[in-house]
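Below: one structure, written as structure tokens.
The values are calculated or read from the model by the stated rules, or taken from the named source; none is laboratory data. From a predicted model like this one, the values you see are computed outputs, not experimental measurements. With ideal geometry, Cβ positions are generated from the backbone for all residues, glycine too; neighbour counts draw on all protein chains shown. Accessible surface areas use protein heavy atoms only, side chains included; no ligands, DNA or RNA. Shrake-Rupley method; radii C 1.70, N 1.55, O 1.52, S 1.80 Å.
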Amino acid sequence: MANPLYDTLFGRRAGQDSAFLISPEGAVLTHAQFVRMAARFAHALRAAGLGVGDRLAVQLEKSPHMLAIYAACTQSGVIFLPLNTAYTGAEVAYFVENSGAKLFLCDRAREAELTPALAHTGARIETLDGAGKGRFADMAAGQPETFDTVDRAPDDLAAFLYTSGTTGRSKGAMMTHENLLSNAQTLVSEWRFSDKDVLLHALPIFHTHGLFVASNVMLLAGGAMLFLPKFDLEQVLRLLPQATTMMGVPTFYTRLLEDARFDRDLTAHMRLFISGSAPLLAETHKQFEARTGLRILERYGMTETNMITTNPYDGERRAGTVGPVLRGVELKITDPETGAQLPDGEIGSIEVRGPNVFKGYWKMPEKTAEELREDGFFITGDLGVRAADGYVTLVGRGKDLIITGGFNVYPKEVESVLDDQAGVLESAVIGVPHPDFGEGVVAILVPEDGIELDSNTIGAAAAKVLAKFKQPKAYVVMKALPRNAMGKVQKNLLRQDFADMFTAT
Ligand code: AMP
């Protein structure tokens with residue numbers, strides 16, 4: 001095959017009149033229509049002057065058209081660069097400039113605001129909105145419905161996904177055709193996807209979870225997606241009976257569980273719920289099973305590596321763990337200081353190697369060299385431990401590790417204890433500067449609805465199970481934790497907010 005990613009995900013469906021994307025209102029786009037739409041966009045990209053290896057940056061509302069632009073890039077050898085819709089003009093300008101994108105597509109509604117912000121980048125700006133209208137749609141409208149697929153080798157670049165950049169500048173992770181195809185193939189087989197599946201898709205498609213995990217898996221399997229613009233509880237409850245599977249971040253599941261209509265009947269014919277991108281509380285896992293009779297399958301991955309581990313489809317889905325490493329991927333736990341491999345049962349840095357691992361950060365050779373070893377192992381930045389039977393448990397990001405009085409405190413361990421206390425819905429444990437200990441442990445608690453928490457009682461309970469150095473030195477009660485679009489708790493914001501807690505005079 002000349003372009004395995006395009007041919008396998010898109011090209012072979014060109015003659016297929018089966019449903020591919022179903023809107024919340026029930027409008028159906030078939031596989032064949034989608035492939036034709038992508039071909040017209042590929043012509044429009046060429047007409048706009050984009051050749052093989054050029055970058056296309058897009059900041060678009062989630063829509064079938066945006067997904068077809070991804071397909072068009074794959075077919076024409078253009079590198080696809082999707083951006084979070086929440087990014088401001090200044091942020092977008094950084095990505096466009098850093099990537100050297102020749103063309104930028106945005107919503108018609110944002111053009112006036114973004115044009116001056118991008119003026120200095122020299123990129124051409126065209127428009128495309130969620131309904132598929134705009135100048136770029138006009139450029140594609142009269143184009144042929146087939147496009148001569150460009151040859152691509154496995155190592156050629158397919159997409160840049162910029163990391164969220166919570167510390168320092170965001171980095172463009174270069175994803176190859178092989179990275180994307182190999183991971184999709186593994187996941188379809190691990191999770192038993194087929195053309196009979198209908199996936200409820202409520203994730204954004206500017207991020208690896210909704211784009212490469214969910215969409216590539218469904219494209220490869222040949223099934224359909226109920227394509228929701230975003231997670232809307234009413235819509236999800238209404239459409240679930242039409243689906244067989246769903247992928248989500250943990251907050252999707254906690255929000256569903258808060259609604260009494262989410263029950264066994266509603267999920268009767270669902271075969272699989274998958275969770276990832278942020279930790280799923282063991283409690284959520286338990287509640288979900290009690291309510292639906294189904295066990296959520298939790299997996300772990302990241303932008304730079306696609307998916308790394310998964311709990312098994314058949315076999316034990318162990319709450320609080322992310323399961324064993326995927327077939328074809330190598331994972332080792334290493335000493336964060338020396339890089340030496342650690343035995344099972346010891347906490348260390350998670351490193352990963354395989355066809356799923358990205359090629360490096362665009363134009364950042366030093367950053368690449370810091371995180372991607374010469375032997376191909378990528379230092380994920382996550383800390384974890386592997387049990388003798390292969391199940392991996394994450395204990396937090398390396399940068400979230402707290403060092404207090406010379407001792408390491410893994411936030412997850414403390415959070416698990418706090419989450420178990422009556423009245424605590426969830427918690428976040430951070431380290432902030434402390435005059436005596438270097439860092440002091442701070443716990444942020446979110447109470448269950450209508451509960452007033454007494455931090456003395458919680459502190460006393462924590463003292464029974466945690467060594468003194470792990471016990472929080474201060475408690476803060478908040479209504480909710482700050483989260484990003486993927487449901488990840490933004491500990492960097494909490495650290496900023498409470499930075500002076502122990503040092504203020
Ligand atoms: P991103 O690159 O935005 O996909 O973020 C990747 C990070 O999300 C990983 O390095 C982990 O820290 C976190 N993550 C992904 N899946 C899980 C999971 N199942 N449990 C806990 N953290 C996760």
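Does Ile458 satisfy the condition of being crowded, with 20+ Cβ neighbours inside 10 Å and under 19 Å from Asp500 (Cα atoms)?
Details: crowded, with 20+ Cβ neighbours inside 10 Å: yes; under 19 Å from Asp500 (Cα atoms): no.
Against the criterion (crowded, with 20+ Cβ neighbours inside 10 Å and under 19 Å from Asp500 (Cα atoms)), Ile458 does not qualify.
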Original post:
Across the range 476-490, what is the total count of residues that are outside any loop (DSSP other than H, G, I, E, B) and either modelled with pLDDT of 95 or more or within 11 Å of the chain's Cα centre (by Cα) (or both)?
Top reply: 2
Original post:
Phe407 fails exactly one of the following numbered conditions: (1) open to solvent by 40 Å² or more (accessible area, probe 1.4 Å); (2) assigned by TED's automatic domain parsing to the domain that holds Glu351; (3) on the phi < 0 side of the Ramachandran plot; (4) away from the ligand (no atom under 15 Å from the Cβ). What is the number of that condition?
Top reply: (2)
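I'd like the full set of residues that are open to solvent by 30 Å² or more (accessible area, probe 1.4 Å) and either within 16 Å of the ligand (Cβ to nearest atom) or part of a strand (DSSP E or B) (or both), limited to the range 410-420.
Filtering the range 410-420 down to residues open to solvent by 30 Å² or more (accessible area, probe 1.4 Å) leaves 410, 412-413, 416, 419-420.
Tyr410, Lys412, Glu413, Ser416, Asp419, listed by residue number.
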Subject >> Arg169 part of a loop (DSSP other than H, G, I, E, B), more than 16 Å from the ligand (Cβ to nearest atom) and at negative phi >> reply: no
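This table checks each residue for (1) within 20 Å of Met66 (Cβ to Cβ); (2) within 16 Å of the ligand (Cβ to nearest atom); (3) buried (at least 23 other Cβ atoms within 10 Å of the Cβ).
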position: Asn216; (1), (2), (3): yes, yes, yes
position: Gly223; (1), (2), (3): yes, no, no
position: Pro229; (1), (2), (3): yes, no, no
position: Asp232; (1), (2), (3): yes, no, no
position: Leu237; (1), (2), (3): no, no, no
position: Arg271; (1), (2), (3): no, no, no
**OP:** Give Thr309, Thr292 a once-over and let me know the one that is polar (S, T, N, Q) and within 14 Å of the ligand (Cβ to nearest atom).
**Re:** Thr309
Original post:
Of Phe231, Phe227, which residue is without any contact (Cβ under 8 Å) to a residue 60 or more places away in the chain and either in contact with a Gly (Cβ under 9 Å, 6 or more places away or on another chain) or under 17 Å from Phe34 (Cβ atoms) (or both)?
Top reply: Phe231
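For Asp449, indicate whether it is more than 21 Å from Leu493 (Cα to Cα) and either in the same structural domain as Glu346 (by TED's automatic domain parsing) or part of a strand (DSSP E or B) (or both).
Values: more than 21 Å from Leu493 (Cα to Cα): yes; either in the same structural domain as Glu346 (by TED's automatic domain parsing) or part of a strand (DSSP E or B) (or both): no.
So Asp449 fails the test.
Looking for something among the small types (Gly, Ala, Ser), in a helix (DSSP H, G or I) and in contact (Cβ under 8 Å) with a residue 24 or more places away in the chain - is there at least one such residue anywhere in the range 153-166?
We begin by selecting, within the range 153-166, every residue among the small types (Gly, Ala, Ser); these are 153, 158-159, 164-165.
Filter once more, keeping what is in a helix (DSSP H, G or I): none.
No: the range 153-166 contains no residue that is among the small types (Gly, Ala, Ser), in a helix (DSSP H, G or I) and in contact (Cβ under 8 Å) with a residue 24 or more places away in the chain.
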**OP:** Considering only the range 321-340, state which residues are open to solvent by 30 Å² or more (accessible area, probe 1.4 Å) and either of a type in the set (Val, Ile, Thr) or not in a strand (DSSP E or B) (or both).
**Re:** Pro324, Val325, Arg327, Gly328, Asp335, Pro336, Glu337, Thr338, Ala340
**OP:** Could you tell me which of the residues Ala153, Ala159, Ala131 is within 28 Å of the chain's Cα centre (by Cα), assigned by TED's automatic domain parsing to the domain that holds Val92 and crowded, with 19+ Cβ neighbours inside 10 Å?
**Re:** Ala159
Original post:
Among the residues of the range 195-212, is any within 30 Å of Gln421 (Cα to Cα) and more than 13 Å from the ligand (Cβ to nearest atom)?
Top reply: no
Subject >> the range 111-128, residues that are under 26 Å from the mean Cα position of the chain (by Cα) and farther than 27 Å from Gln33 by Cβ >> reply: Leu114
Original post:
Restricting the search to the range 356-386, which residues are away from the ligand (no atom under 15 Å from the Cβ) and either in a helix (DSSP H, G or I) or open to solvent by 40 Å² or more (accessible area, probe 1.4 Å) (or both)?
Top reply: Lys359, Trp362, Lys363, Pro365, Glu366, Thr368, Ala369, Glu370, Arg373, Glu374, Asp375
